[in-house]
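**Student:** Quick one: structure below, then a few questions.
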Amino acid sequence: MAFLKSTLRFVYLFQSAQSFVHNVIRLPDDSRISVSLSASSEDGRGVSFLLDSNHHHRDDWHRYCENVDKNLEGLVSPSPESFSAIHSVVRANAAISMNIEDIVALSRYLVKPNYTMELFHDDEIVKWRMIQGGSVEGVIVDSNITAEEGGRELYHEFSTLQLSQMALEIATNTTNHDANLLSKIHEVAQQAEKRIFLTVGSDLRGPQSADACFNFALAGVHNSSTHLFQNLVSIGTHELKRAGSRSSFPTKIVLHIVEKFAASDIRKEDAMELYQIAADCLEKKHYKDKMYIESLRDGTFGFHGRPLLWLWRFSSRQKKVEIDNEGNGKWKDAINWQDEFQDSNKPLVVDIGSGMGTCILGLASTSGNIHDKIPIEWSQCNYAGVDLNQALVDLATVFFCCPADDFLSNLKSYHGRSTLIMVNFPSPYRLDASERGNLQLPSAKNFMVTSKLFELISVLAANDTSETYFMFQTKCEDVAVYLKNECLSNGMEGITAGDKAVENIDTIYSQKSVPKRVKEWLRIEPLAERAEGNLFWSQPILPLDCLPETEVQCLS
């Protein structure tokens, strides 16, 4: 795909602060996987499970089952882990009432089709055994066993991966300002924690733990108050240890696992064991990209580069959100900046149409200047992302889901100065004024960057004594030309690109192919101004670990 990036910077703009909540994960020191969970949110009990054949309860296996080898025969592979998951639940409830729904849920996927699990009383404790022959529920329960009250919950019916998909569906299919949206999503996340507590991760094979983590992150779940992400990373690490080096475990699955965890904004220092094991697996599989393997080993692998392609794939599938003629989608709440940022006097960097927020997440962790023509001390700034699509905003924690005009109007009350506003790769307007063409694209009148937006920027910049910058990036040549002219007509001063300027745009296209949109644009306007000259930048301005997910896709 041909790629053109026009980046314009202008003296004018504003400032916003933001603190980011990262997913905090503590990997176990033990070489075996350890999943530590609260038994329930009410009692806060902690239980630790070891998912290997050296399970710390192995010495008393024979106390709770009659014939270990016979039981293993009736369980799915890897049978020692299946045995351990069932045995842990039976042992924990052997002297008290039994949650039969937990046992039934485990039996559905851990017991082979032609076997049935039987629970029975013996010596005042509950024991279990596998018997040949199927049953409707997969479990036979002795009438002397007291069934625990509570009934069936979501985690009994759905796997951890299915629960993550449920959370993401709620996030993407619910209207933007549903007051109960986050509580609904977190209820599903709590069910997933219960599921992992029950199954000890035995229903998450291959890349499924990474898929579940990615889904929950996209849905807006964060690891600041739960162990969910920690457990999912631990399970993914265990899977790589267990099977990652096998020929039946493809290279693409190893890449899938580490990239999706990284795209979930898992801190690199918290996933180093996962990355080290993945590097070992890739080397054994003779993976050719040595720099990729080295980045896993030295800790530079993370929330940039290839992992961002997973975010781009997700965001590109989302329906474009527009404000209709009746004003639906408008956001009228005033922002209390002191509630959003610890210090609202800091300079503010804003990303309008921030999508998944990868750009400002990267900038927020940057120190010093990244470009001599944009003298901004990034570590001294606050950051705000703005997008209409709640499904995209949910990946971050303090981003604003509202129209750009409403947000800029609120910036008038921000205490600090606005130092930079960015518009990175917005959905271009439809070239054809008729209803033909890509109807997913906004009409020209609903294009993100409007004359009102420029007016608001001008007002904000006029109140600042320091320089304010505006940076615009697009992969559509006609949009680049249109926005450049709008900026200049609104009194902005362009920052020249020097030796990075686009001298001949057709030369750039000749390296690949002329995009279909460019051909259509030149057909409609054969004498159109081209995106050439000192105000059009041909190379990325931001560091590679600060690129928006769309730019990563364009450069890949």
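**Student:** Kindly list, by first and then second residue, each pair from a residue in region 150-172 that is touching a residue at least 60 places away in the same chain (Cβ under 8 Å) and among the small types (G, A, S) to a residue that is outside any helix (DSSP H, G or I) and crowded, with 24+ Cβ neighbours inside 10 Å, limited to pairs with Cβ atoms under 8 Å and residues at least 6 apart or on different chains.
**Tutor:** Note: pairs meeting the criteria are A171/A219; A171/D394.
**Student:** Also, quick follow-up: How many residues, within region 530-556, are surrounded by fewer than 15 Cβ atoms within 10 Å (Cβ to Cβ), part of a loop (DSSP other than H, G, I, E, B) and at pLDDT 90 or above?
**Tutor:** 0
**Student:** Out of all the residues in region 230-248, which are outside any helix (DSSP H, G or I) and buried (at least 19 other Cβ atoms within 10 Å of the Cβ)?
**Tutor:** G244
**Student:** Moving to a separate point now. Filter region 467-482 down to residues that are open to solvent by 30 Å² or more (accessible area, probe 1.4 Å) and in contact with a strand residue (DSSP E or B) (Cβ under 7 Å, 6 or more places away or on another chain), then give me how many there are.
**Tutor:** So the answer is 1.
**Student:** Only residues that are within 43 Å of the chain's Cα centre (by Cα), part of a loop (DSSP other than H, G, I, E, B) and farther than 23 Å from L204 by Cβ: list them for region 110-131, please.
**Tutor:** N114
**Student:** Cβ contacts < 7 Å: first residue in a strand (DSSP E or B), restricted to region 400-413; second residue of a type in the set (V, I, T) and surrounded by 18 or more Cβ atoms within 10 Å (Cβ to Cβ), any location; separation 6+ or different chain. Result?
**Tutor:** Going by the 7 Å Cβ cut-off, the qualifying pairs are F400/V386; C401/V393.
**Student:** Of all residues in region 80-96, count the ones that are more than 13 Å from V200 (Cα to Cα) and either open to solvent by less than 30 Å² (accessible area, probe 1.4 Å) or over 40 Å from the mean Cα position of the chain (by Cα) (or both).
**Tutor:** Residues in region 80-96 being more than 13 Å from V200 (Cα to Cα) and either open to solvent by less than 30 Å² (accessible area, probe 1.4 Å) or over 40 Å from the mean Cα position of the chain (by Cα) (or both): 5 in total.
**Student:** Filter region 277-291 for residues that are assigned to a helix (DSSP H, G or I) and touching a residue at least 24 places away in the same chain (Cβ under 8 Å) and give the result.
**Tutor:** I277, A278, D280, C281, L282, K284
**Student:** Do you know which of the residues in region 429-454 that are in contact with an Asp or Glu (Cβ under 8 Å, 6 or more places away or on another chain) and at pLDDT 75 or above is surrounded by the fewest Cβ atoms within 10 Å (Cβ to Cβ)?
**Tutor:** Of everything passing the filter in region 429-454, S451 is surrounded by the fewest Cβ atoms within 10 Å (Cβ to Cβ).
**Student:** Just give me the residues in region 490-529 being outside any helix (DSSP H, G or I), among the β-branched types (V, I, T) and over 24 Å from R430 (Cα atoms), in sequence order.
**Tutor:** Correct list: I495, T496, V502.
**Student:** I'd like to verify a number: residues in region 354-364 that are farther than 14 Å from S379 by Cα, in contact with a helix residue (DSSP H, G or I) (Cβ under 7 Å, 6 or more places away or on another chain) and small (G, A, S), how many?
**Tutor:** 2
**Student:** Further question on the same structure: Which of the residues that make up region 196-213 are open to solvent by 10 Å² or more (accessible area, probe 1.4 Å) and in a helix (DSSP H, G or I)?
**Tutor:** Correct list: F197, Q208, D211.
**Student:** Next up: Would you point out the residue of region 97-123, among those that are hydrophobic (A, V, I, L, M, F, W, C) and under 25 Å from K241 (Cα atoms), that is surrounded by the most Cβ atoms within 10 Å (Cβ to Cβ)?
**Tutor:** Checking each candidate, the answer is L106.
**Student:** Yes or no: R63 open to solvent by 70 Å² or more (accessible area, probe 1.4 Å), at pLDDT below 85, out of contact with any Cys (no Cβ under 8 Å at 6 or more places or on another chain) and under 26 Å from Q190 (Cα atoms)?
**Tutor:** Taking the combined requirement at face value, the residue does not satisfy it.
The values are calculated or read from the model by the stated rules, or taken from the named source; none is laboratory data. Just so we're clear, the structure is a prediction, and the values are computed from it rather than from any experiment. Neighbour counts are summed over all protein chains in view; Cβ atoms, including those assigned to glycine, are modelled from backbone coordinates with ideal geometry. Note: areas computed on protein heavy atoms with side chains; ligands, DNA, RNA excluded. Shrake-Rupley method; radii C 1.70, N 1.55, O 1.52, S 1.80 Å.
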